[in-house]
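Peer 1: I'd like to ask some things about the structure below.
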Amino acid sequence: MRVGFIGTGEIAAAMVRGLAGQGHQITVSARNSGKARALAGEYTEVSVAENAEVVTNSEVVFLCLMADVARATLAGLPFRADHAIVSVMVDVPLAELHSLCSPAIDIALTIPLSPVATGGSMLPVYPASNALQLLFGESDTILPVNSEAALNAHFAGSALSAPLIALMQTGSTWLAQQTGDPQAAETYVAGVFAGFLRQMAEQGADFEALLKGLATEGGLNASLKNHMAETGSHAALVKGMDALKPRLGL
Ligand SMILES: NC(=O)c1ccc[n+]([C@@H]2O[C@H](COP(=O)([O-])OP(=O)(O)OC[C@H]3O[C@@H](n4cnc5c(N)ncnc54)[C@H](OP(=O)(O)O)[C@@H]3O)[C@@H](O)[C@H]2O)c1
């Protein structure tokens, strides 16, 4: 397929890496020029062009801009009725995208995260997008949701990533302070969680089942979990997710 990216930032670069090597013809925005040139240097199927040419050259256009830039940029681009558009942008609702990308009508919202570069990531989508399915359906899990509000709630879900990784980093730093080996501590902590996540995927376990297995009374896991609950960390997480609601229109 001929695939274009408007805005060659962090997430566009990850998506390009995820698509590379599959026979697609990929055009990326000249902005950001460092990232765009690096991608074109790395993959023969990637070329760099101005935004209008990206749109003209592509059957599928991924919108990977910050919201304010999107509002200033998209309306002047040569979208066609036969384009499939996929926006990864928070803060630009579907109705506004329809107006900015007119006359295109096949417009969907999704939420990639950086693991899309290597595959195996989750891609919630609303409404269903044939283009997203064709491009990422084999390498990643496409998760259709039933409303724009549900998609926006998944944006809040995706924001769990940094806090939970930061929590693992804090635990791993603590471990390293005891052992004197930061690298081994990080490998251990990451490996422990990778093991649980693999167990979920391979044995169909859910969070409740994993927690049950870790709930031995008086055990270290139970002690630390109770401490976290009693000191308000779970409530703080929920409060933080609630605080995202107004921005996400929830
Ligand atoms: N990062 C994530 O994990 C993630 C996940 C899900 C969704 N998103 C969404 O993806 C969007 C982009 O996020 P990001 O993290 O990739 O941000 P980013 O790295 O800042 O990428 C935005 C890119 O847009 C470029 N740009 C600015 N003005 C432009 C113009 N007129 N034409 C074309 N490109 C222009 C910027 O280029 P310059 O550097 O040259 O200014 C920058 O490289 C956001 O709406 C965000 O909500 C991000």
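Peer 1: Within the stretch 73-102, which residues are more than 11 Å from the ligand (Cβ to nearest atom) and part of a helix (DSSP H, G or I)?
Peer 2: Here is the first cut: in the stretch 73-102, the residues more than 11 Å from the ligand (Cβ to nearest atom) are 75, 78-86, 93-102.
Ala75, Leu94, Ala95, Glu96, Leu97, His98, Ser99, Leu100, listed by residue number.
Peer 1: Does the stretch 60-67 include one or more residues that are modelled with pLDDT of 95 or more, open to solvent by 50 Å² or more (accessible area, probe 1.4 Å) and either more than 17 Å from Ile11 (Cβ to Cβ) or not aliphatic (A, V, I, L, M) (or both)? Please lay out each step first, then the result.
Peer 2: Pass one, the stretch 60-67, residues modelled with pLDDT of 95 or more: 60-67.
Imposing the further condition that a residue be open to solvent by 50 Å² or more (accessible area, probe 1.4 Å) reduces the set to 66.
Imposing the further condition that a residue be either more than 17 Å from Ile11 (Cβ to Cβ) or not aliphatic (A, V, I, L, M) (or both) reduces the set to none.
For the stretch 60-67, residues modelled with pLDDT of 95 or more, open to solvent by 50 Å² or more (accessible area, probe 1.4 Å) and either more than 17 Å from Ile11 (Cβ to Cβ) or not aliphatic (A, V, I, L, M) (or both): absent.
Peer 1: Here is a follow-up. Provide a single number: the residues in the stretch 5-35 that are within 11 Å of the ligand (Cβ to nearest atom) and assigned to a strand (DSSP E or B).
Peer 2: So the answer is 4.
Peer 1: Related question: Out of all the residues in the stretch 232-243, which are within 18 Å of Met168 (Cβ to Cβ) and either of a type outside the set (Gly, Ala, Ser) or exposed (fewer than 10 other Cβ atoms within 10 Å of the Cβ) (or both)? Talk me through it step by step, then tell me what you get.
Peer 2: Narrowing the stretch 232-243 to residues within 18 Å of Met168 (Cβ to Cβ): 233-234, 236-237, 240.
If the condition is that a residue be within 18 Å of Met168 (Cβ to Cβ) and either of a type outside the set (Gly, Ala, Ser) or exposed (fewer than 10 other Cβ atoms within 10 Å of the Cβ) (or both), then His234, Leu237 are the ones that fit.
Peer 1: Pairs, please: C-beta under 6 Å, at least 6 apart or cross-chain, first residue open to solvent by less than 10 Å² (accessible area, probe 1.4 Å) and in the stretch 1-20, second at pLDDT below 95 and part of a loop (DSSP other than H, G, I, E, B)?
Peer 2: Partner pairs satisfying both residue conditions: Thr8/Asn32.
Peer 1: Now for a separate question. Taking Ser47 and the conditions (1) within 8 Å of the ligand (Cβ to nearest atom); (2) open to solvent by less than 60 Å² (accessible area, probe 1.4 Å); (3) farther than 20 Å from Gly119 by Cβ, which numbered condition does it fall short on, given that it satisfies the others?
Peer 2: (1)
Peer 1: Would you point out the residue of the stretch 198-212, among those that are exposed (fewer than 12 other Cβ atoms within 10 Å of the Cβ) and under 23 Å from Ile165 (Cβ atoms), that is farthest from the chain's Cα centre (by Cα)? Walk me through how you get there before you give the answer.
Peer 2: Restricting attention to the stretch 198-212, the residues satisfying the condition of being exposed (fewer than 12 other Cβ atoms within 10 Å of the Cβ) are 198, 201-204, 206-208, 212.
This time we only want the ones that are under 23 Å from Ile165 (Cβ atoms), so: 198, 201-202, 206-208.
Details: Arg198: 19, Ala201: 19, Glu202: 22, Asp206: 22, Phe207: 21, Glu208: 25 Å.
The extreme case among them is Glu208.
Peer 1: Here's a follow-up. Could you say which residue among Ala38, Ala70 is more than 9 Å from the ligand (Cβ to nearest atom) and either in a helix (DSSP H, G or I) or of a type in the set (A, V, I, L, M) (or both)?
Peer 2: Numbers: Ala70 fails: more than 9 Å from the ligand (Cβ to nearest atom).
The unique qualifying residue is Ala38.
The values are calculated or read from the model by the stated rules, or taken from the named source; none is laboratory data. Please read all numbers here as calculations on a predicted model, not as lab measurements. Counting neighbours? That spans all protein chains shown, and the Cβs are built from the backbone with ideal geometry, glycine included. We work out accessible area using only protein heavy atoms, side chains counted, and drop any ligands, DNA or RNA first. Shrake-Rupley method; radii C 1.70, N 1.55, O 1.52, S 1.80 Å.
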